[in-house]
Each structure stands twice: as C-alpha cells, then as structure tokens.
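Participant: Okay, here's the structure, questions in a sec.
The values are calculated or read from the model by the stated rules, or taken from the named source; none is laboratory data. Just so it is clear, the model here is predicted, and its values are computed rather than measured. Positions of Cβ are generated from backbone atoms using ideal geometry, with glycine treated the same way; all protein chains shown enter the neighbour counts. When the accessible area is computed, the model is the full protein with side chains, heavy atoms only, and any ligands, DNA or RNA have been set aside. Shrake-Rupley method; radii C 1.70, N 1.55, O 1.52, S 1.80 Å.
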Amino acid sequence: MAKNPDSTLTLLTSKGVSRTLDDWTTMFHLCLVVLAPTPAAAAWIPVAQRIFATFRDADCRCAFVIPANHQVAERLLGPVESEVLTFVDPNLELVHSLGLERLPAFVHLRQDTTVVAASEGWDPHDWQRVAREVGKAMAWTVPEVAGPGDPRPSRGWPVSGA
C-alpha cells in the first residue's frame, strides 16, 4: 500500500538531472507511472501516454519512474523517453519510500509530497480512480485510462523482483 515518501529523497532523471523530491514538487504535483524494468512493461506505455496527454498542461508534472538505470529506461521507453520526464531509480529508493509492492503503479503526489491516490498492479478501474483524483486536484479534464489493446487486468510484478 502506497505511503507518503521521504521528501528529502534525491530523484535522478534519465538525463542526469538530480533534485530532491521536495524540489521536484515545489511548483507542481507529480503524476507518476512506475513501470517494472522488463520489456513486457512496455505494454503500459500507451496507457501512460493517454494519461500524460490529458494532464500535460495541468498544474502537475507527469513522469515515468523506472526502477533501473538510464540505459534500461531508454531501452524500455524507446523514443517516448525523450518526450516525457523520466526518473530512474536503480536502487529502488523511491519505490520503497512510496511503499509500493507491485508494478506497474500509478501514483499522484501533492506539492507537499503526500500521496493523494495510488494504484498498484493493473486494474483499469482503480487507475481511473487515481486519474479522477488528479483531475479533481487540478480542476482538469479526466482522461479515459483504459483503451483498446491494453493488457488484461493483473497483479503486475512484485517490486522484490525488480
């Protein structure tokens, strides 16, 4: 179950930019899609893209979190990696600080770094709930999370295997 992360935790982007979680949330909420570092996790990239496309101009930062190094993030995300803020978490510090147990996960953090809503594993209805919370907090349109060709609902991968 997701919990409020350590706001002093340093997050590193796939491009090498390093700031604390508190710094990343100074101006905006964070809307995070955390993917397992496995090629099969690429199936959730279109889901994240639908979410990110809707919230792109809202007062939140949309980002991927890949619990691996930047090379794995680049391979997993392909050309999308250069279009979207991507955090790498090779030591799983952010994933553990958030208390995540299953991936993929969808997490919404306020500017004070507290968890507004989170969903672990792939349950389209639960991810839709998180999207509604983001939309409510941003006073923004809510994306339709599920789409044709999406993976079947699943518990996802255990973080311990990442």
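Participant: Listed residues VAL115, VAL130; which is among the β-branched types (Val, Ile, Thr) and touching a Leu at 6+ places or on another chain (Cβ under 8 Å)?
Facilitator: Values: VAL130 fails: touching a Leu at 6+ places or on another chain (Cβ under 8 Å).
Step by step, each of VAL115, VAL130 is checked, and only VAL115 is among the β-branched types (Val, Ile, Thr) and touching a Leu at 6+ places or on another chain (Cβ under 8 Å).
Participant: Looking for whichever is out of contact with any Phe, Trp or Tyr (no Cβ under 6 Å at 6 or more places or on another chain), acidic (Asp, Glu) and closer than 21 Å to ALA146 by Cα here; the options are ASP57, ASP89. Which one fits? Before the answer, list the steps.
Facilitator: Numbers: ASP89 fails: closer than 21 Å to ALA146 by Cα.
That would be ASP57, the only listed residue that is out of contact with any Phe, Trp or Tyr (no Cβ under 6 Å at 6 or more places or on another chain), acidic (Asp, Glu) and closer than 21 Å to ALA146 by Cα.
Participant: Could you check the stretch 3-12 and list, in sequence order, the residues that are open to solvent by 40 Å² or more (accessible area, probe 1.4 Å) and in contact with a Lys or Arg (Cβ under 9 Å, 6 or more places away or on another chain)?
Facilitator: Passing the criteria: THR10, LEU12.
Participant: Continuing with this model, one more query. How many residues, within the stretch 13-36, are open to solvent by 30 Å² or more (accessible area, probe 1.4 Å) and within 16 Å of ALA131 (Cβ to Cβ)? Break it down into steps so the answer makes sense when it comes.
Facilitator: Within the stretch 13-36, the subset open to solvent by 30 Å² or more (accessible area, probe 1.4 Å) is 15-20, 22-23, 26-28.
Filter again for within 16 Å of ALA131 (Cβ to Cβ), leaving none.
Counting residues in the stretch 13-36 that are open to solvent by 30 Å² or more (accessible area, probe 1.4 Å) and within 16 Å of ALA131 (Cβ to Cβ) gives 0.
Participant: Report every pair of residues separated by at least 6 positions or lying on different chains whose Cβ atoms are under 6 Å apart, first residue within the stretch 21-39 and on the phi < 0 side of the Ramachandran plot, second open to solvent by 10 Å² or more (accessible area, probe 1.4 Å) and among the hydroxyl-bearing types (Ser, Thr, Tyr).
Facilitator: Sorted first by the residue in the stretch 21-39, then by its partner, the pairs are LEU21/SER7; ASP22/SER7.
Participant: Please work out if ASP112 is closer than 22 Å to ARG19 by Cα, under 13 Å from the mean Cα position of the chain (by Cα) and not basic (Lys, Arg).
Facilitator: Numbers: closer than 22 Å to ARG19 by Cα: yes; under 13 Å from the mean Cα position of the chain (by Cα): no; not basic (Lys, Arg): yes.
No; evaluated as a whole, the condition is false for this residue.
Participant: Here is a further query. For residues that are assigned to a loop (DSSP other than H, G, I, E, B), open to solvent by less than 50 Å² (accessible area, probe 1.4 Å) and in contact with a Phe, Trp or Tyr (Cβ under 9 Å, 6 or more places away or on another chain), tally how many sit in the stretch 127-162.
Facilitator: Adding up the residues that qualify gives 6.
Participant: How many of the residues making up the stretch 69-99 are of a type outside the set (Asp, Glu), open to solvent by 10 Å² or more (accessible area, probe 1.4 Å) and either under 24 Å from SER160 (Cβ atoms) or in contact (Cβ under 8 Å) with a residue 24 or more places away in the chain (or both)?
Facilitator: From the stretch 69-99, those of a type outside the set (Asp, Glu) are 69-73, 75-80, 82, 84-88, 90-92, 94-99; that's our starting set.
Next, only the ones that are open to solvent by 10 Å² or more (accessible area, probe 1.4 Å) stay: 69-72, 75-76, 78-80, 82, 84-85, 88, 90-92, 96-97, 99.
Then drop every residue that is not either under 24 Å from SER160 (Cβ atoms) or in contact (Cβ under 8 Å) with a residue 24 or more places away in the chain (or both), which leaves 69-72, 75-76, 78, 80, 84-85, 88, 90-92, 96-97, 99.
Here the count works out to 17.
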